[in-house]
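The values are calculated or read from the model by the stated rules, or taken from the named source; none is laboratory data. Just so it is clear, the structure is predicted and the values come from calculations on it, not from any experiment. Note that we place each Cβ from the backbone using ideal geometry, even for glycine, and neighbour counts take in every protein chain shown. Accessible surface areas use protein heavy atoms only, side chains included; no ligands, DNA or RNA. Shrake-Rupley method; radii C 1.70, N 1.55, O 1.52, S 1.80 Å.
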Amino acid sequence: MRRTFPFFALVLFACAPPEASDARLASPLDAAFEAAGAEHRVPPELLKALSYTLTRFEMVDGHAEFDGQEETFGVMALRPSMTDDARAHHDPEANIRAAAAWLRARADADGISGAELDDWADVVADYAQLTHPQARAEFFYDVKSLLVTPEVGRVRQAASPDYDLGVWRQSPNFNSRGGRTPLFVIIHTCEGGYSGCWSWQTNPAAEVAAHYTIKEDGSEVSQLVRESDRGWHVGVAYQCSNNQGVRCDLNGVSTNSISVGIEHGGYASQSSFPNGQLEASARLVCSITRRWGIPRDRQHILSHAQLQPHNRTDPGANWPWDTLIARTRDYCNDTCDRTQGGFTFSCDGPQPGETCVSLDEPLDPDTWSDNYLCTERDFGFRWSSEGPLADMDCVNVHEPSEPNAAAWADNYFCAPKQSPWVLSYSSAGPLAGKTCVHLNETADLQNSWHDNYLCFEARTSFTNAGFTFKMDGPVAGQHCVNVDEPADPDTWSDNHFCSEQDLGLRWSALGALPGMACANITESAEAQAAAWADNHLCVPPEARVRFHWSSAGPLTAYPCVRWFDHAETSATWLDNWLCVETLPEPTPDAGQPQPPDAGAPPPDAGPVDPTAHHDAGSAATDAGSGRPPRQVPELKNISAEPVVGGCSAGPGGLLLAAAALYLRRRRRQ
């Protein structure tokens with residue numbers, strides 16, 4: 001016997017020919033729909049409209065979202081009870097044929113020939129396994145409106161009590177929050193269509209309900225539970241380990257007691273989500289977060305799978321989190337500033353009290369002129385819209401799908417050589433393990449900038465001219481000394497200065513070492529300045545290098561190595577450098593050899609800056625006399641026969657010459 005359900009006034013349509021169908025029904029599977037329709041005497045356009053309404057023609061792989069409901073699969077959202085053809089799980093054509101066979105069998109049972117579209121109303125609602133009368137009517141309305149123009153509109157629902165753009169479909173599946181308030185928003189997918197989703201949540205037997213459900217195209221939002229009440233949408237207690245360590249004080253508290261849940265018509269397995277649905281979701285999330293003071297970020301807008309990973313996957317890997325959060329902030333008129341780890345992207349001018357670099361592309365009309373990258377410390381970053389800058393480490397900042405992509409091709413963000421930060425860039429989301437700042441120009445979101453990030457990774461070593469300062473232990477295979485100031489609490493204990501050559505490096509935290517050439521390593525503006533005043537890096541006097549210290553940037557006359565530890569809390573160490581002077585080889589002289597003045601720059605070094613701390617230990621001196629230590633010239637063959645004291649020496653005289661120089665050195669010591 002044919003079963004009937006009340007369909008309200010909305011099913012009283014004029015029948016129009018199939019040619020009036022919606023352009024959205026164009027599909028690569030048209031031939032399969034035609035063949036299945038002909039085989040089982042089901043209107044092909046009805047098959048297509050049903051598929052589009054349920055899956056948007058995607059081969060979905062539904063997972064359980066609500067206990068008591070079958071999982072669905074394929075372009076027709078079939079259920080296991082509808083077919084025993086295993087091919088229907090992975091073959092779209094088999095899936096369509098199985099759906100057509102089911103529809104024909106049900107139509108035959110109801111005595112439907114297939115001539116009139118309205119005759120299929122109950123069969124279509126049964127296909128979606130809907131029992132709620134209004135859900136059945138609205139689902140058939142959605143299917144039919146893709147094929148013909150309805151004569152009457154949908155039944156108007158009561159207004160949502162909390163959200164002015166929603167409709168109210170009260171569910172009995174809720175209870176009290178027990179004095180708690182919402183702290184998080186949880187994003188779900190229904191693993192099925194909108195009508196079946198909201199109607200199941202209003203079924204007392206279901207014992208499940210989120211607060212809201214959003215239709216696939218965003219045209220309707222159903223509120224099912226008041227926000228002040230506790231909906232039943234997550235089946236586990238909160239654990240901060242599932243949320244980046246946020247709010248560990250809530251561990252063990254029912255997630256439902258501290259959250260608002262939003263279901264979305266669709267599937268976790270689908271490849272994308274309709275823009276209309278995302279816009280509706282962003283408007284709703286803005287409203288909820290504003291009402292309850294919930295931060296609009298990924299630590300407070302969470303996924304069902306994130307909190308219940310053992311048996312839930314929604315909203316799936318392809319849910320566009322960046323887009324949702326960016327659009328939510330836009331609807332709430334949030335500032336577009338984005339801050340991570342001391343780095344801020346600002347799209348409304350420089351940040352007060354910070355060092356900012358303009359990130360403008362003059363040829364892009366979408367208001368990049370007021371965008372800046374700001375830092376709490378001055379790291380010397382630079383921007384170029386005309387290619388990479390010489391003598392700097394640069395990354396290309398661009399968006400390939402941007403309409404002005406050609407203009408962005410030569411935009412670079414640059415850091416000085418030996419910057420404390422290694423730069424990288426991504427146009428596909430943040431990079432794991434790095435501090436990434438969202439480059440979010442809200443006026444340009446439609447041009448795919450929603451997933452673009454500038455990333456920073458802390459550099460732990462600085463190398464130049466064969467020397468390295470390393471903040472996390474010695475360099476393997478090199479000659480290193482620990483450069484620690486024990487009285488400074490800022491973790492200098494694992495810092496080392498290393499050389500590729502064995503120069504006899506020595507470190508002292510108790511003053512210059514007697515008999516060695518030392519440079520004072522100090523920072524007068526440091527909170528522990530008194531402790532650093534007696535720190536010295538030393539080499540033996542015969543070493544062919546001298547160290548020069550600068551706390552005002554690198555010296556232009558010598559190669560320099562940055563001296564910096566990220567754990568140092570004082571910003572004054574950013575401009576501290578150890579520079580290396582390589583001494584010329586001594587020239588043998590008939591008189592007493594005179595060593596070069598270690599405290600003076602070479603003739604071509606340019607003028608000496610008297611304010612650059614140059615004399616605070618940078619000139620190596622003999623600790624005993626205050627004079628530069630004398631240098632011992634090396635023995636060198638300067639002709640076929642060595643010359644000693646102006647006389648030619650034959651082979652037998654070589655040993656004598658060496659002995660004479662050795663005795664001279666002993667007398668000086």
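Mind checking which residues of the stretch 372-404 are of a type in the set (A, V, I, L, M), open to solvent by 40 Å² or more (accessible area, probe 1.4 Å) and in contact with a strand residue (DSSP E or B) (Cβ under 8 Å, 6 or more places away or on another chain)?
Quick first cut of the stretch 372-404, residues of a type in the set (A, V, I, L, M) only: 373, 389-390, 392, 395, 397.
Next cut, open to solvent by 40 Å² or more (accessible area, probe 1.4 Å) only: 389-390.
Hit for the stretch 372-404 is 389, nothing else.
Pick from the stretch 463-503 the residues that are in a strand (DSSP E or B) and more than 20 Å from residue 541 (Cα to Cα): which of them is most open to solvent (accessible area, probe 1.4 Å)?
463
Applying the selection to the stretch 92-119, what residues are more than 22 Å from residue 74 (Cα to Cα) and acidic (Asp, Glu)?
Within the stretch 92-119, 108, 110, 116, 118, 119 qualify.
Tell me which residues, restricted to the stretch 290-320, are modelled with pLDDT under 95 and touching a Lys or Arg at 6+ places or on another chain (Cβ under 8 Å).
296 - this is the single residue of the stretch 290-320 that is modelled with pLDDT under 95 and touching a Lys or Arg at 6+ places or on another chain (Cβ under 8 Å).
Six or more apart or on different chains, Cβ under 7 Å: which pairs go from a residue in the stretch 251-273 that's closer than 15 Å to residue 201 by Cβ and open to solvent by less than 10 Å² (accessible area, probe 1.4 Å) to one that's among the small types (Gly, Ala, Ser) and not in a strand (DSSP E or B)? Could you list them?
261/210; 262/210; 262/281; 263/210; 264/281; 265/193
Here are some residues: 117, 130. Which one is in contact with a helix residue (DSSP H, G or I) (Cβ under 9 Å, 6 or more places away or on another chain) and open to solvent by less than 20 Å² (accessible area, probe 1.4 Å)?
130
From the list 389, 359, pick out the single residue that is within 21 Å of the chain's Cα centre (by Cα) and within 12 Å of residue 414 (Cα to Cα).
359
Can you name every residue in the stretch 240-250 that is in contact (Cβ under 8 Å) with a residue 40 or more places away in the chain and assigned to a helix (DSSP H, G or I)?
Across the stretch 240-250, the qualifying residues are 242, 250.
Tell me which residues, restricted to the stretch 86-125, are free of Cβ contacts under 8 Å to residues at least 40 places away in the same chain and of a type in the set (D, E, K, R).
The answer is 87, 91, 106, 108, 119.
Could you pull out every one of the strands (runs of 3 or more DSSP E) wholly within the stretch 131-239 that has 1 or more residues that are farther than 26 Å from residue 273 by Cβ?
Filter on the stretch 131-239 gives 174-176, 229-231.
Would you point out the residue of the stretch 64-82, among those that are under 37 Å from the mean Cα position of the chain (by Cα) and more than 15 Å from residue 200 (Cβ to Cβ), that is surrounded by the most Cβ atoms within 10 Å (Cβ to Cβ)?
76
Pairs needed: first member in the stretch 521-542, touching a residue at least 24 places away in the same chain (Cβ under 8 Å) and open to solvent by 20 Å² or more (accessible area, probe 1.4 Å); second member anywhere, assigned to a loop (DSSP other than H, G, I, E, B) and among the aromatic types (Phe, Trp, Tyr); C-beta distance under 9 Å; at least 6 residues apart or different chains.
That search, which allows pairs on different chains as well, returns nothing.
Quick one: what pairs do we get from the stretch 22-37, first residue open to solvent by 80 Å² or more (accessible area, probe 1.4 Å), second hydroxyl-bearing (Ser, Thr, Tyr), C-beta under 9 Å, 6+ apart or different chains?
Note: pairs meeting the criteria are 24/52.
Which number in (1) under 27 Å from residue 201 (Cβ atoms); (2) out of contact with any strand residue (DSSP E or B) (no Cβ under 7 Å at 6 or more places or on another chain) marks the one condition that residue 99 misses?
Failing condition for residue 99: (2).
Please determine whether any residue of the stretch 445-457 is surrounded by fewer than 16 Cβ atoms within 10 Å (Cβ to Cβ), in a helix (DSSP H, G or I) and modelled with pLDDT under 95.
So far as the stretch 445-457 goes, yes, one or more of its residues are surrounded by fewer than 16 Cβ atoms within 10 Å (Cβ to Cβ), in a helix (DSSP H, G or I) and modelled with pLDDT under 95.
Of these, 56, 104, 97, which one is out of contact with any helix residue (DSSP H, G or I) (no Cβ under 6 Å at 6 or more places or on another chain), buried (at least 19 other Cβ atoms within 10 Å of the Cβ) and not polar (S, T, N, Q)?
Exactly one residue qualifies, and that residue is 56.
With 83, 149 as the choices, which residue is touching a residue at least 24 places away in the same chain (Cβ under 8 Å) and of a type in the set (Ser, Thr, Tyr)?
149
In contact (Cβ under 8 Å) with a residue 24 or more places away in the chain, out of contact with any Phe, Trp or Tyr (no Cβ under 8 Å at 6 or more places or on another chain) and either over 18 Å from residue 222 (Cα atoms) or of a type in the set (Val, Ile, Thr) (or both): is that true of residue 298 in this structure?
The answer is no for residue 298.
When you check residue 293 against the structure, is it surrounded by fewer than 19 Cβ atoms within 10 Å (Cβ to Cβ), of a type in the set (Gly, Ala, Ser) and free of Cβ contacts under 8 Å to residues at least 40 places away in the same chain, yes or no?
Yes: the conditions hold for residue 293.
Within the stretch 435-444, restricting attention to residues that are open to solvent by 10 Å² or more (accessible area, probe 1.4 Å) and in contact with a helix residue (DSSP H, G or I) (Cβ under 8 Å, 6 or more places away or on another chain), which residue is modelled with the lowest pLDDT?
Among them, the one singled out is 442.
Within the stretch 311-357, how many residues are open to solvent by 40 Å² or more (accessible area, probe 1.4 Å), of a type in the set (Ser, Thr, Tyr) and not in a loop (DSSP other than H, G, I, E, B)?
3
Quick check: is even one residue across the stretch 139-151 over 25 Å from residue 31 (Cβ atoms) and touching a strand residue (DSSP E or B) at 6+ places or on another chain (Cβ under 9 Å)?
no
Which numbered condition trips up residue 369, out of (1) among the hydroxyl-bearing types (Ser, Thr, Tyr); (2) open to solvent by 60 Å² or more (accessible area, probe 1.4 Å); (3) within 23 Å of the chain's Cα centre (by Cα)?
So the condition that residue 369 fails would be (3).
Take residue 192 and tell me if it is in contact with a Gly (Cβ under 6 Å, 6 or more places away or on another chain), in contact (Cβ under 8 Å) with a residue 40 or more places away in the chain and either open to solvent by 10 Å² or more (accessible area, probe 1.4 Å) or small (Gly, Ala, Ser) (or both).
no
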